[in-house]
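The values are calculated or read from the model by the stated rules, or taken from the named source; none is laboratory data. For clarity, every value in this text was computed on a predicted model and none was experimentally measured. All Cβ positions, glycine included, derive from the backbone under ideal geometry; neighbour counts span all protein chains shown. For accessibility, only protein heavy atoms count, side chains too; no ligands or nucleic acids. Shrake-Rupley method; radii C 1.70, N 1.55, O 1.52, S 1.80 Å.
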Amino acid sequence: MATVLVADDEFPMRRLLRIYLENAGLRVEEADSGDAVLARLRKPGVDVLILDLMMPGTDGWQTCAEASTLVPNLPILILSARSDVVDRVAGLNIGADDYLTKPFDGRELVARVQALLRRAKPAADAVEFPVLGLVVDQSGHKVTFKGQIVNLTPKEFDLLDLLTRHVGRSFTREELLDRVWGMDFEGGTRTVDSHVKNIREKLRGAGASGELIVTVWGVGYRFEENP
């Protein structure tokens, strides 16, 4: 489930956006200022940013520019009452991927967010690490290490696939549970730990040295190409 950070200083607007997005199956977090946005983006877990331009403190223009630097591949949708072409162009030039004016249709908003998510999704069916000799093939649902097949369970594969597609990004155990097992899963975070342990053992059994899945103490796990 993708997470959308909604940034607007007006609570009714944030509530309206939350309704539209959650009804579309998206997770929503809120920020009421540019400073709150930047503070949130210093931690992982945001997949799309919806950003109002007219906010107190650090305004939307500066927030957009800094967010693009802070998280280079983060899709940003500016949602603003400013409808002049010059504003649209300026927004796109400072790092936004899309620009939608208020008032708006909720269906169009959701469609644009979903389009941003699709464009942000890695297009390759396989993630390859030539130096390591590791290949995670999504279409074939197969992992090989230096040509040797690593036999993973479906959930072990999904977990490794997620981590290898976000090299260096730290995921909390809760995020991994949501993304791999789904929000309806009733097990606890120890499920993640046991699956990581199994993946590590199977990779070592294939000849991998070092911990490719690194424990981030107090947070969760991340994949490192150069452990």
**OP:** Starting from the range 215-227, keep only residues that are farther than 14 Å from L176 by Cα, then list their pairs with residues that are open to solvent by 50 Å² or more (accessible area, probe 1.4 Å) and among the aliphatic types (A, V, I, L, M) whose Cβ atoms are within a distance under 6 Å, requiring at least 6 positions of separation or different chains.
**Re:** E225/V167
Subject >> Matching entry among S68, S83 (being surrounded by fewer than 12 Cβ atoms within 10 Å (Cβ to Cβ), hydroxyl-bearing (S, T, Y) and either in a loop (DSSP other than H, G, I, E, B) or in contact with a strand residue (DSSP E or B) (Cβ under 8 Å, 6 or more places away or on another chain) (or both)) >> reply: S83
**OP:** Filter the range 42-53 down to the residues that are part of a strand (DSSP E or B) and either open to solvent by 50 Å² or more (accessible area, probe 1.4 Å) or touching a residue at least 60 places away in the same chain (Cβ under 8 Å) (or both), then identify the one that is nearest to V71 (Cα to Cα).
**Re:** V48
Original post:
Any idea which of (1) over 23 Å from L176 (Cα atoms); (2) in contact with a helix residue (DSSP H, G or I) (Cβ under 7 Å, 6 or more places away or on another chain); (3) among the polar types (S, T, N, Q) is the one S33 doesn't satisfy?
Top reply: (2)
**OP:** Determine, yes or no, whether A115 is surrounded by 14 or more Cβ atoms within 10 Å (Cβ to Cβ) and assigned to a loop (DSSP other than H, G, I, E, B).
**Re:** no
**OP:** Taking the options L38, L5, L16, L21, name whichever one is open to solvent by 20 Å² or more (accessible area, probe 1.4 Å) and either outside any loop (DSSP other than H, G, I, E, B) or farther than 26 Å from R169 by Cβ (or both).
**Re:** L16
Subject >> Some residue of the range 42-62 being under 18 Å from the mean Cα position of the chain (by Cα) and of a type in the set (K, R) >> reply: yes
**OP:** May I ask you to list pairs of residues, at least six apart or on different chains, whose Cβ atoms are under 6 Å apart, with the first in the range 30-41 being closer than 9 Å to E66 by Cβ and the second being in a helix (DSSP H, G or I) and of a type in the set (A, V, I, L, M)?
**Re:** L41/A67; L41/L70
**OP:** Take the residues in the range 192-223 that are in contact with a Phe, Trp or Tyr (Cβ under 7 Å, 6 or more places away or on another chain) and assigned to a helix (DSSP H, G or I), then tell me which one is farthest from I149 (Cα to Cα).
**Re:** V196
Original post:
What pairs can you find where one residue is in the range 170-190 and open to solvent by less than 50 Å² (accessible area, probe 1.4 Å), the other is in a helix (DSSP H, G or I) and among the hydroxyl-bearing types (S, T, Y), and their Cβ atoms are less than 8 Å apart, with a gap of 6+ or different chains?
Top reply: L177/T191; W181/T191
Original post:
Residue check, T63 against (1) assigned to a helix (DSSP H, G or I); (2) in contact with a Ser or Thr (Cβ under 9 Å, 6 or more places away or on another chain); (3) within 30 Å of Y221 (Cβ to Cβ); (4) open to solvent by 70 Å² or more (accessible area, probe 1.4 Å), all met but one. Which one?
Top reply: (4)
Subject >> Subset of the range 134-169 that is part of a loop (DSSP other than H, G, I, E, B) and among the hydrophobic types (A, V, I, L, M, F, W, C) - its residue that is least open to solvent (accessible area, probe 1.4 Å) >> reply: L152
